[in-house]
Amino acid sequence: MDLIGDLFNTAILQPMLNALLWLYTLLAGQFWLAIIVFTIIVRLAMTPLMLPQQRSAKKMQELQPRLKELQKKYGKDREKLSQEQMKLYREAGVNPLGGCLPMLVQFPIWIGLYRSIIVALGYQPLQLVDLSQNIYAFLNSIISPQVPLNRYFLGMDLALTPQLLGGLTYALPILVAGTSWLQTRMTTPSTSGDGGAGGMSQSMTMMMPLMFGFFSLSFATGLSFYFIISNVIGIVTQGFISGWQGLKFWEGFSLTNLFAGGAKATTSEGTSTKQAEAQPTASQKGTQSGSSKRKKKRRRKR
């Protein structure tokens, strides 16, 4: 465990902590501004990973009409439908799981930034010792006279959680959830017309942002700044790549599909089955036609 902790400190915590401290010295002692600039730098560094995901989202939106045709054609054969969908993805050069890699890469960044905020803004003796052990030598002489650092923004303590601060700080988890939802919606193709699939897609689009908003209640408020700015940058870049249609969140949004997507699909399948049963088959039509002709001949003989 000590080896893993030392590796984490050396590879993630110390570089991020010292980057924040360096930005802090450049930005007139405003730690909240250092977090924002740091977020922009991280997003720029992750551009090679994020752009393929965003372009893939655009291709997925363009493939929706063809995917719906496959669902109509192979709706009863799940295995064949899955094979044809994967074939279509390969032909279009789309990876449905392409969004997982950027998400996995960001996990250590979130953890490292959270720890960096706690260490940088510490003011108790043990916290100051932790800071002195992780700061680079060339920054030590610059930062030491400024310790403890300015930890406030608009009266909010950036090292504490909204649950401890209360008041208007509860707006931060709401903004985290809202911007996460908009970004997820812009990168998730609309499948509202696909019955159960549409309900599942809308559920995932809603649940993940709600989870981030809920977790933000227990995170330092400084980390919420990272989430919000990062989401806004993602929304803007996705808008330039695939258009701004995804920001029209009121179009196609349905609470019925969100909470009862599967029921809707079942109902539609049941309706179609009843319609199929109500319509006579070709053989039944032929039998009915033949019997009616025989009845007419008997009447003429009489």
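For the structure I just gave you, tell me whether Ala19 is over 25 Å from the mean Cα position of the chain (by Cα), among the aliphatic types (A, V, I, L, M) and not in a helix (DSSP H, G or I).
The answer is no for Ala19.
For the range 205-244, which residues satisfy the criterion of being aromatic (Phe, Trp, Tyr), surrounded by fewer than 19 Cβ atoms within 10 Å (Cβ to Cβ) and within 30 Å of Lys59 (Cβ to Cβ)? Reasoning before the result, please.
Restricting attention to the range 205-244, the residues satisfying the condition of being aromatic (Phe, Trp, Tyr) are 212, 214-215, 219, 225-227, 240, 244.
If we keep only those that are surrounded by fewer than 19 Cβ atoms within 10 Å (Cβ to Cβ) too, we end up with 214-215, 240, 244.
Phe240, Trp244 - these are the residues of the range 205-244 that are aromatic (Phe, Trp, Tyr), surrounded by fewer than 19 Cβ atoms within 10 Å (Cβ to Cβ) and within 30 Å of Lys59 (Cβ to Cβ).
Among the residues of the range 53-79 satisfying the criterion of being touching a Leu at 6+ places or on another chain (Cβ under 9 Å) and buried (at least 16 other Cβ atoms within 10 Å of the Cβ), which is nearest to Gln106 (Cα to Cα)?
Residue satisfying both the conditions and the ranking: Gln53.
Going residue by residue through the range 110-122, is there one that turns out to be in contact with a helix residue (DSSP H, G or I) (Cβ under 7 Å, 6 or more places away or on another chain), crowded, with 19+ Cβ neighbours inside 10 Å and free of Cβ contacts under 8 Å to residues at least 60 places away in the same chain?
yes
May I ask you to list pairs of residues, at least six apart or on different chains, whose Cβ atoms are under 9 Å apart, with the first in the range 163-177 being at positive phi and the second being modelled with pLDDT of 90 or more and assigned to a helix (DSSP H, G or I)?
none
Rundown of residues vs (1) at pLDDT 90 or above; (2) within 26 Å of Thr184 (Cα to Cα), yes/no style:
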| position | (1), (2) |
| --- | --- |
| Arg55 | no, yes |
| Glu79 | no, no |
| Val105 | no, yes |
| Gly112 | yes, yes |
| Gln124 | no, no |
| Ser144 | no, no |
| Tyr152 | yes, no |
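The values are calculated or read from the model by the stated rules, or taken from the named source; none is laboratory data. All of these numbers come straight from a predicted model, not from anything done at the bench. Because the Cβ atoms are built from the backbone with ideal geometry, glycine has one as well, and the counts that use them run over all protein chains shown.
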